[in-house]
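Report on the following structure.
The values are calculated or read from the model by the stated rules, or taken from the named source; none is laboratory data. The shown structure was predicted, so the numbers you read here are calculated from the model rather than taken from an experiment. For neighbour counting, all protein chains shown are included, and Cβ atoms are generated from backbone atoms with ideal geometry for every residue, glycine included. Surface areas here come from the heavy atoms of the whole protein model, side chains and all, with no ligands, DNA or RNA. Shrake-Rupley method; radii C 1.70, N 1.55, O 1.52, S 1.80 Å.
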Amino acid sequence: MSPILKLTMPSMKKTYFAVAVGLIVSQLFFSVASAAALQSFKMTLADSRAATASVETATLQLSAANTFATGETILFTWPGSFVFPADGTWTTGDFSFNDGTGRTVIAVGASPTCTAGSNNVDVVTNQASRTLTVTACPSYTASSVGATITFGIGNTNKITNPTVASYTVTVKETTDDQKDTVVVITNGVSISVTVMEALNFTVAGDTTISCPTTGGTKIDTSGDPTTIPFGAVTTGAFYDACQQLTINSNAIGGYTATVQTTQLLTSGGNTVAKGSCDGSCTDSTANTWATNTNYGYGYCLKDATGTSAATADANWGTHYCGAGSQYFKTIANAGSSQAAQSISHTTAPDTTNNVLHIGYRLNVGTTQATGAYTTTIVYVATPTY
């Protein structure tokens, strides 16, 4: 009888054990199936450099049948190497929350008061565990099902990144399973570049057709940009000759271009006086010059591209060469220590060339001594870096 009993008892134990395992597996299956999974989760860092405090944005989508409603929470957890501000330093302005509706972060801290309100949430901060928990306050209007939630983290206070590596950040919503995402902390890449200073200034002659002045005999200067060949002139008559100036610069403060002559128009011991236009222009003041019994020489300006001449003197915006009331100025004489005057000016780098016409006018008096008169015009362009 003993051998029979020994064979029977193991068989009964085996049957019992199989049933127990079956029950345990069945219970585990139903427990796992009771919660749904978030559809997606990502954490975006505004600055992924190591040891850098960065604004972060969490974006998650609830499971297809889930809403975010009163009393529910969303728990975010960072690894131990991330550095959190102290719980008492966070402010409501450090966070934003949107679940399809922009909500109000009503309170933050280690144990904030979640004041009732249809849009109110609070944020529980825990520096020790590196967690942030968003809670929907009483009377909260639930989100839509499957809502996409955006949680902004950081403004005055921010979470500081750890050393270079990949890290897992987790999120858990009350009725949805935990979901993980990865953030990668990197070294910043230093970029170095040297931008060379640039200033381009060209002088070109103008044909009589392109010279914009009116009221005088026009002289063609297109043959040589280094001369203004008035040639033999008749006294008591206007003669006009133009040049085209093109200027550009990458100078952060723009540039200023000036004009002056090295001396008066001179022939031996004789000179041609600069004059005063119709009695009221100077080196720094522009005015009309249309009366041919007022003698001397001077210039007018007209912007062709850009507004650098008008920026140097607003008169060139309305009384430019060729306008119905064109103005002129006399030319500063360096030989008499007269200050060069601005003819082109900008306050920022050029995006395109500034092109302007400068028209030189001459009217020699009837008592002017004969001779070949010369002077040299000097343009100077100075950038501000």
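Considering only the range 266-275, how many residues are surrounded by fewer than 22 Cβ atoms within 10 Å (Cβ to Cβ) and either free of Cβ contacts under 8 Å to residues at least 24 places away in the same chain or touching a strand residue (DSSP E or B) at 6+ places or on another chain (Cβ under 7 Å) (or both)? I'd like the intermediate steps shown before the answer.
Of the range 266-275, the ones surrounded by fewer than 22 Cβ atoms within 10 Å (Cβ to Cβ) are 266-273, 275.
Retained after the next criterion (residues that are either free of Cβ contacts under 8 Å to residues at least 24 places away in the same chain or touching a strand residue (DSSP E or B) at 6+ places or on another chain (Cβ under 7 Å) (or both)): 266, 269, 271-273, 275.
Within the range 266-275, residues that are surrounded by fewer than 22 Cβ atoms within 10 Å (Cβ to Cβ) and either free of Cβ contacts under 8 Å to residues at least 24 places away in the same chain or touching a strand residue (DSSP E or B) at 6+ places or on another chain (Cβ under 7 Å) (or both) number 6.
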Spot the failing condition for Arg130; the list is (1) charged (D, E, K, R); (2) over 30 Å from the mean Cα position of the chain (by Cα); (3) under 30 Å from Ser249 (Cα atoms), and only one is missed.
(3)
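If you go through the range 56-71 one residue at a time, how many are part of a loop (DSSP other than H, G, I, E, B) and closer than 19 Å to Ser129 by Cα?
Restricting attention to the range 56-71, the residues satisfying the condition of being part of a loop (DSSP other than H, G, I, E, B) are 62-71.
Keeping just the survivors that are closer than 19 Å to Ser129 by Cα gives none.
Selection size over the range 56-71: 0.
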Given the condition in contact with a Cys (Cβ under 7 Å, 6 or more places away or on another chain) and open to solvent by less than 10 Å² (accessible area, probe 1.4 Å), answer yes or no: does some residue in the range 153-175 qualify?
no
Please count how many residues of the range 179-218 are in contact (Cβ under 8 Å) with a residue 24 or more places away in the chain, polar (S, T, N, Q) and over 30 Å from Gly324 (Cα atoms).
4
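Given the condition touching a residue at least 24 places away in the same chain (Cβ under 8 Å) and within 11 Å of Asn161 (Cα to Cα), answer yes or no: does some residue in the range 83-90 qualify?
Restricting attention to the range 83-90, the residues satisfying the condition of being touching a residue at least 24 places away in the same chain (Cβ under 8 Å) are 83-87, 89-90.
Filter once more, keeping what is within 11 Å of Asn161 (Cα to Cα): 83-84.
The answer is yes; a qualifying residue exists.
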Looking only at the range 219-262, how many residues end up being in contact (Cβ under 8 Å) with a residue 24 or more places away in the chain, in a strand (DSSP E or B), under 25 Å from Thr291 (Cβ atoms) and of a type in the set (Val, Ile, Thr)?
2
I'd like to verify a number: residues in the range 304-328 that are of a type outside the set (A, V, I, L, M), within 16 Å of Thr256 (Cβ to Cβ) and surrounded by 19 or more Cβ atoms within 10 Å (Cβ to Cβ), how many?
5
Could you give me the residue pairs with C-beta distances under 6 Å whose first residue belongs to the range 349-378 and is touching a residue at least 12 places away in the same chain (Cβ under 8 Å) and within 17 Å of Gly216 (Cα to Cα), whose second residue is open to solvent by less than 80 Å² (accessible area, probe 1.4 Å) and among the charged types (D, E, K, R) wherever it lies, and which are 6+ apart or on separate chains?
His357/Lys302; Gly359/Asp240; Arg361/Asp240
Regarding the range 310-327, can at least one residue be identified that is part of a strand (DSSP E or B) and within 21 Å of Thr285 (Cβ to Cβ)?
yes
What are the pairs with Cβ atoms under 6 angstrom where one residue, in the range 278-289, is in contact (Cβ under 8 Å) with a residue 12 or more places away in the chain and in a strand (DSSP E or B) and the other, located anywhere, is surrounded by fewer than 16 Cβ atoms within 10 Å (Cβ to Cβ) and not basic (Lys, Arg)? Sequence gap at least six, or different chains.
Asn287/Ser280; Thr288/Asp278
Quick check on the range 330-337. Is at least one of its residues modelled with pLDDT under 95, more than 27 Å from Val233 (Cα to Cα) and either in a loop (DSSP other than H, G, I, E, B) or open to solvent by 30 Å² or more (accessible area, probe 1.4 Å) (or both)?
no
If I filter the range 198-217 down to residues being open to solvent by 70 Å² or more (accessible area, probe 1.4 Å) and in contact with a strand residue (DSSP E or B) (Cβ under 7 Å, 6 or more places away or on another chain), which single residue comes out as farthest from Ile358 (Cα to Cα)?
Asn200
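When the range 72-108 is examined, which residues are found to be farther than 22 Å from Ser40 by Cα, open to solvent by 50 Å² or more (accessible area, probe 1.4 Å) and part of a loop (DSSP other than H, G, I, E, B)? Even if it seems obvious, please write down each step before you answer.
So in the range 72-108, the residues farther than 22 Å from Ser40 by Cα come out as 80-94, 104-108.
Of the ones still in play, those that are also open to solvent by 50 Å² or more (accessible area, probe 1.4 Å) are 80-81, 83, 88-89, 91-92, 104, 106.
Gly80, Ser81, Gly88, Thr89, Thr91, listed by residue number.
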Failed condition for Val182, given (1) surrounded by 15 or more Cβ atoms within 10 Å (Cβ to Cβ); (2) closer than 30 Å to Gly100 by Cβ:
(1)
Reported set for the range 349-366 where residues are modelled with pLDDT of 95 or more and either under 20 Å from Gly317 (Cβ atoms) or assigned to a strand (DSSP E or B) (or both) is Asn354, Val355, Leu356, His357, Ile358, Gly359, Tyr360, Arg361, Leu362, Asn363
